[in-house]
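The values are calculated or read from the model by the stated rules, or taken from the named source; none is laboratory data. Note that the structure is a prediction, hence the values are computed from the model and not measured. As a convention, Cβ positions derive from the backbone with ideal geometry for all residues, glycine included, and neighbour counts pool all protein chains shown. Accessible surface areas use protein heavy atoms only, side chains included; no ligands, DNA or RNA. Shrake-Rupley method; radii C 1.70, N 1.55, O 1.52, S 1.80 Å.
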Amino acid sequence: MMTNGVVHANLFGIKDWVTPYKIAVLVLLNEMGRTGEGAVSLVERRKLNQLLLPLLQGPDITLSKLYKLIEESCPQLANSVQIRIKLMAEGELKDMEQFFDDLSDSFSGTEPEVHKTSVVGLFLRHMILAYSKLSFSQVFKLYTALQQYFQNGEKKTVEDADMDREDGEKQMEKEELDVSVREEEVSCSGPLSQKQAEFFLSQQAALLKNDETKALTPASLQKELNNLLKFNPDFAEAHYLSYLNNLRVQDVFSSTHSLLHYFDRLILTGAEGKSNGEEGYGRSLRYAALNLAALHCRFGHYQQAELALQEAIRIAQESNDHVCLQHCLSWLYVLGQKRADSYVLLEHSVKKAVHFGLPRAFAGKTANKLMDALKDSDLLHWKHSLSELIDISIAQKTAIWRLYGRR
C-alpha cells in the first residue's frame, strides 16, 4: 500500500522509509556538508546541529515550515536548500536518482563528512537502503509525491508572504528549537515510521504528564493515534496513550477499551515476557486488573472496582507477588473507607509497606533525596489542583522531619 509517496508495512516491518520530507532533510544534510566552515558562522552551525535531531526524529512537516526552521538558524543555507529542492522537483526523475547515488560519497575518503555510526550517518544509511529497495513504480510515485510536496510548499510560502504584508508588524511567535508537534504539522504528515511513532508517543505522554496545555487537543491526538493503530493495531504504547487521552475528557468507555487493549497487546507481543520470562504473562494480567480497578474507582464505579481488585488479588496470590498485593491492599482501604475495619486495613498496609521497602525513608534514603522527590510530586499536585494529595504531602513532610529528629 502506498500513500503520499510512502510504502507502508504493517507492524512496522521496516524501521524507516523514504518520504518527500525526508528527501528535503537529506538535501539539508548534503548542503551542510558542502558548505565550508567559513561560509557558516559558529553560532549558525550550532543552531543547525540543535535543529537536526528533532527533524530526524519528529513527524513529517510541510516544506514551508521546514524552510522557516532552517531560515531561523541559517538564512543562507535555507536559500541553498530551497534552490536544490526546486531543481530536483522541476527537473526529471534521474535528478532524484543521481542525488541518492551521490549520498554515498559522504562516507568515502580518509576523513569522511559523516561517520557511519553517528546519528546523521545512520539516518543517511537507512534512507539509502530504503530507497534502493524500492521498485521502479514506487520510485516514480515517490518522485510524483516530491513534486506535489514542493508545489504545496511553494503555494504555502506565497500565502504566508501575503499574510505578512497584510499584518505589517504582527509577527508569528518564535517557536522553540525542540520543534514540538503542532496540530497543523501532524495533520499534514503521512504515516510515521517506527522511530517517529515512538518519538511522537513519548513526547505527547510527557506533555500530558507535565503540561497538558502544550499537548495536542484530545480530538487531534486521538485522530493521530487512530491513524497509528490503523497501520499497526498491535502497538501497545499507542493504546496506552489513547487511554490517557480519554481520561482527559472523562470518557469511561473509551478509557476502559484502550486500557484493556494495551495489556492485551502487551501480552501478545511478549514485551513483558522478554524481561521477566514466563512470569511476564501473569504480571501483565494482575496489573491489568489492578489498573482497571483504579480506573473504575476514579469514575466512581466502586462495585466494578472491587470486583477487578478481587481478581488482581487472586492472581497476585497465585504468583506470590507481595508488591502487587500491597498495592491492592492500599486500594482496598480507599474503597472501604466507610467501613468499620478501614483503620485495620490502613495499619496492615503500613506494616507491609515497611516490610517490602516501599517507604524510602525506612529504606535508608537521605533526607535531601526524599524532599526532592516530594517537591517534584508537589509541583504536579499544584499544577493539577489536587488538594487532597497536597494535604497528604504536607503530612508526609511532617512525618519525615520528625523521623530525622527535626521536630
Output the residue which, of all residues in region 104-152 that are among the β-branched types (Val, Ile, Thr), under 12 Å from residue 26 (Cβ atoms) and under 27 Å from the mean Cα position of the chain (by Cα), is modelled with the lowest pLDDT.
-> 120
Of the residues in region 261-284, those that are within 20 Å of residue 200 (Cβ to Cβ), modelled with pLDDT under 85 and buried (at least 17 other Cβ atoms within 10 Å of the Cβ) come to 265, 266
What pairs come up if the first residue lies in region 283-302 and is within 16 Å of residue 264 (Cα to Cα), the second is among the small types (Gly, Ala, Ser) and not in a loop (DSSP other than H, G, I, E, B), and their beta carbons are under 6 Å apart, counting only those six or more places apart or on different chains?
-> 286/312; 286/316; 289/308; 289/312; 290/312; 292/308
Where residue 180 falls short, out of the listed (1) modelled with pLDDT of 85 or more; (2) outside the structural domain of residue 99 (by the TED database); (3) part of a loop (DSSP other than H, G, I, E, B) = (1)
Can you tell me which residues in region 75-103 are acidic (Asp, Glu) and within 16 Å of residue 64 (Cβ to Cβ)?
-> none
Is it true that residue 162 is open to solvent by 30 Å² or more (accessible area, probe 1.4 Å) and either at pLDDT 85 or above or under 16 Å from the mean Cα position of the chain (by Cα) (or both)?
-> no
When residues of region 88-125 are filtered for being buried (at least 18 other Cβ atoms within 10 Å of the Cβ) and either of a type in the set (D, E, K, R) or part of a loop (DSSP other than H, G, I, E, B) (or both), how many remain?
-> 2
Across (1) in contact (Cβ under 8 Å) with a residue 24 or more places away in the chain; (2) more than 16 Å from residue 154 (Cβ to Cβ); (3) surrounded by fewer than 20 Cβ atoms within 10 Å (Cβ to Cβ), residue 60 clears everything bar (3)
Considering 323, 354, which residue is assigned to a helix (DSSP H, G or I), modelled with pLDDT under 65 and either among the aliphatic types (A, V, I, L, M) or within 22 Å of residue 262 (Cα to Cα) (or both)?
-> 354
Can you tell me which residue in region 381-398 is nearest to residue 334 (Cα to Cα), limited to those that are free of Cβ contacts under 8 Å to residues at least 12 places away in the same chain and of a type in the set (A, V, I, L, M, F, W, C)?
-> 392
Residue 400: within 25 Å of residue 323 (Cα to Cα), assigned to a helix (DSSP H, G or I) and at pLDDT 75 or above, yes or no?
-> yes
For region 197-214, what are the residues that are farther than 10 Å from residue 241 by Cβ, without any contact (Cβ under 8 Å) to a residue 60 or more places away in the chain and among the aliphatic types (A, V, I, L, M)?
-> 206, 207
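Every residue, every condition in (1) hydroxyl-bearing (Ser, Thr, Tyr); (2) surrounded by fewer than 15 Cβ atoms within 10 Å (Cβ to Cβ); (3) farther than 16 Å from residue 255 by Cβ, yes or no:
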residue	(1), (2), (3)
194	no, no, yes
220	yes, no, yes
225	no, no, no
235	no, no, yes
238	no, no, no
242	yes, no, no
Can you find even one residue in region 77-86 that is touching an Asp or Glu at 6+ places or on another chain (Cβ under 7 Å) and open to solvent by 20 Å² or more (accessible area, probe 1.4 Å)?
-> yes
What are the residue pairs meeting all of these: first residue in region 115-131, first residue free of Cβ contacts under 8 Å to residues at least 40 places away in the same chain, second residue open to solvent by 70 Å² or more (accessible area, probe 1.4 Å) and not in a helix (DSSP H, G or I), Cβ atoms under 8 Å, and 6 or more apart or on different chains?
-> 121/115; 122/116; 125/116
Tell me, please, whether a residue that is under 22 Å from residue 193 (Cβ atoms), open to solvent by 50 Å² or more (accessible area, probe 1.4 Å) and in contact (Cβ under 8 Å) with a residue 40 or more places away in the chain can be found in region 28-42.
-> no
Sole miss for residue 369 among (1) open to solvent by less than 60 Å² (accessible area, probe 1.4 Å); (2) at pLDDT below 80; (3) over 19 Å from residue 261 (Cα atoms) is condition (1)
Which residue out of 254, 258, 330 is modelled with pLDDT under 85, in a helix (DSSP H, G or I) and either hydroxyl-bearing (Ser, Thr, Tyr) or assigned by the TED database to the domain that holds residue 202 (or both)?
-> 330
Of all residues in region 6-42 being more than 24 Å from the chain's Cα centre (by Cα) and assigned to a loop (DSSP other than H, G, I, E, B), the one that is modelled with the highest pLDDT | 41
